[in-house]
Amino acid sequence: MKFRVERDVLSEAVAWVVRGLSSRPPVPVLAGVLLTADEEGTLTLSAYDYEVSATITVEAEVSEGGQVLVLGKLLADISRNLPAKPVEVATDGAKVQLTCGSSRFSLIQMPVADYPQLPAQAETSGTVAGDVFTQAVHQVSVAADRGDTLPILTGVRVEVDGDKITMLATDRYRLAMRELTWSPGSSEANHVSLIPARTLSETAKSLGAAASVNVAFGDGSRSDGLVGFEAGQRRTTTRLLDGEYPKVTSIFPNSVDSVSVVDTQALIEAVRRVALVAERNTPVRLRFTDGQVAIEAGTGDDAQGSEAVEATLTGPELEIAFNPQFLLDGLGVLNAPFARLAFTQPSRPAVLSGQAEVDGDSDESYRYVLMPVRFAG
């Protein structure tokens, strides 16, 4: 095998492919990246660990086609630090020689025969705008569980019904739901998938810059439990989580007693400042009255902080307490100038949504439900 490729092209491609590789893979070959050079003028790089696969195809001058497997992280480190000149790669016995200007590296070939076969990409189920996909995943995945006591809650539930996608995640203390539209391959499209939140977030970050992302949910004939994403020359698959997701949408309150609208950025900054004195796992208290919300943390002999922010209130005044980080997570992904907080009573979940104007309509496409924290008094 022998090819020549631009340094930046190689560096970017390797960095993208190896981003999910484990530093301690169960089998040594899974630390490798597979390079496939085609005499048509393309170089394909692939990585796979039985859970997630990533493949990217770039242009290269190929004088001799072939396939080699080399250590992925090492190739990424080398290609990132090479001088800004074309890179020549060629096999030489059991080694792979990499030359760039006066820099020369000799890499050990790993056994290609031992490398697992990459999963085939399923037929595309539909297409979603890249920026919408990235934003929706970011908004929902903040609420997914980061522990492993209940593996099913580390996933994002993705339900497809025709041209509507509903994403849902919860860690039992908050719940995030985002509805968006996409262009399905069939108007009868109907799928429910449970995708690991961390992998979905990384995929959205790395593919979302593209104008559109193709999604392949697979079909009944494919029982390999995979979902695939493709944008440009980048393709990735991930294994789905098994199990029945709890029916959590019943948490959404049926009625609302009080509604407050606050400038999102002003509220974020105030909560962040006041929370500086909140000891670990202690809540911040929010007292909503006509014209303002007073934010307080700390009691008695502890350090204390307070701040007031202008706010509108419709309905009875109330005082409620939240975990400050959970509140900031929701406010941080609202993507709206104003935050709308809807309450029934201080002991019941509150619903956070965004709106474009202080007296405008609420954007219900994204809703973040937050469980209150009981506080003394």
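For an R0 of 45 angstrom, estimate the FRET efficiency from the Cβ-Cβ distance between Glu64 and Ser183 and round to the nearest 0.05.
Working: r = 41 Å, r/R0 = 0.92.
It comes to 0.60.
How large a share of the accessible area of the range 8-71, in percent, is made up of carbon and sulfur atoms when the probe is 1.4 Å and the other protein chains stay in place? Working shown, then result.
Details: 1380 of 2870 Å².
Heavy-atom surface of the range 8-71 belonging to carbon and sulfur, 1.4 Å probe: 48 percent.
Extension gain Gln325-Phe252, at 0.36 nm per residue separation less the Cα-Cα distance, in nm? List each step's numbers first, then the result.
Numbers: separation 73, 0.36 × 73 = 26.28 nm, distance 2.07 nm.
Length gained between Gln325 and Phe252: 24.2 nm.
Once every DSSP H run of n ≥ 4 in the chain is given -39500 (n - 2.57) and the sum is divided by its residues, what mean residue ellipticity at 222 nm do you get, rounded to the nearest 500 deg cm²/dmol? Don't skip to the answer; put the middle values down first.
Details: 6 runs with 65 residues, N = 377.
-5000 deg cm²/dmol, from helical runs alone.
Cβ under 11 Å from Asp8's Cβ, Asp8 left aside: what net charge do those residues give with Lys, Arg +1 and Asp, Glu -1? Kindly include the intermediate steps, with their values, before the conclusion.
Numbers: positive: Arg7, Arg80, Lys85; negative: Glu6, Glu12.
Value of the local net charge: +1.
Give a quick list of trypsin sites (Lys or Arg not before Pro) in the range 336-377 that DSSP marks as loop, anything other than H, G, I, E or B, with at most 16 other Cβ atoms within 10 Å. Each step should come with its number before you reach the end.
On the way: sites: Arg340, Arg367, Arg374; in loops: Arg374.
Sites meeting the loop and neighbour criteria: Arg374.
Using only the alpha-carbon atoms, how far is helix 7-18 inclined from the longest principal axis of the chain? Give it as 0 to 90 degrees, nearest 10.
Long axis of 7-18 versus the principal axis of the chain: about 60 degrees.
Would you kindly state how much longer the chain becomes between Thr289 and Ala94 on full extension, computed as 0.36 nm times their sequence separation minus their alpha carbon distance, in nm to one decimal? Walk me through the intermediate numbers first.
Working: separation 195, 0.36 × 195 = 70.20 nm, distance 7.44 nm.
Stretched fully, the Thr289-Ala94 segment lengthens by 62.8 nm.
Nearest 0.05, what FRET efficiency do Asp77 and Asn281 give at R0 = 51 Å with Cβ-Cβ as r? Spell out each step's value before the answer.
On the way: r = 40 Å, r/R0 = 0.78.
It comes to 0.80.
What percentage of the solvent-accessible surface of the range 205-321, computed with a 1.4 Å probe over protein heavy atoms, is contributed by carbon and sulfur atoms? Write down the numbers at each step before the final one.
On the way: 2800 of 6260 Å².
The computed percentage sits at 45.
Which whole-Hz ³J(HN,Hα) couplings does the range 87-93 yield from phi under the Karplus relation 6.51 cos²θ - 1.76 cosθ + 1.60, θ = phi - 60°, glycine and proline marked x?
Per residue, the Karplus-derived 3J(HN,Hα) values read 10, 10, 10, 8, 7, 8, x Hz.
Suppose all protein chains stay in the model; what accessible area per residue would a 1.4 Å probe give for the chain, in Å²? Don't skip to the answer; put the middle values down first.
Numbers: 18480 Å² over 377 residues.
Using a 1.4 Å probe on heavy atoms only, each residue of the chain averages 49 Å².
Answer with a single label: of (i) 20; (ii) 38; (iii) 27, which was calculated as percent of Cα pairs over 36 Å apart from the structure in view?
(ii)
The values are calculated or read from the model by the stated rules, or taken from the named source; none is laboratory data. Computed from a prediction, not measured in an experiment: that's the story for all the values here. Here the Cβ is made from the backbone with ideal geometry for all residues, glycine too, and neighbour counts use every protein chain on show. In case anyone asks, the SASA skips ligands and DNA or RNA and just uses the protein heavy atoms, side chains included. Shrake-Rupley method; radii C 1.70, N 1.55, O 1.52, S 1.80 Å.
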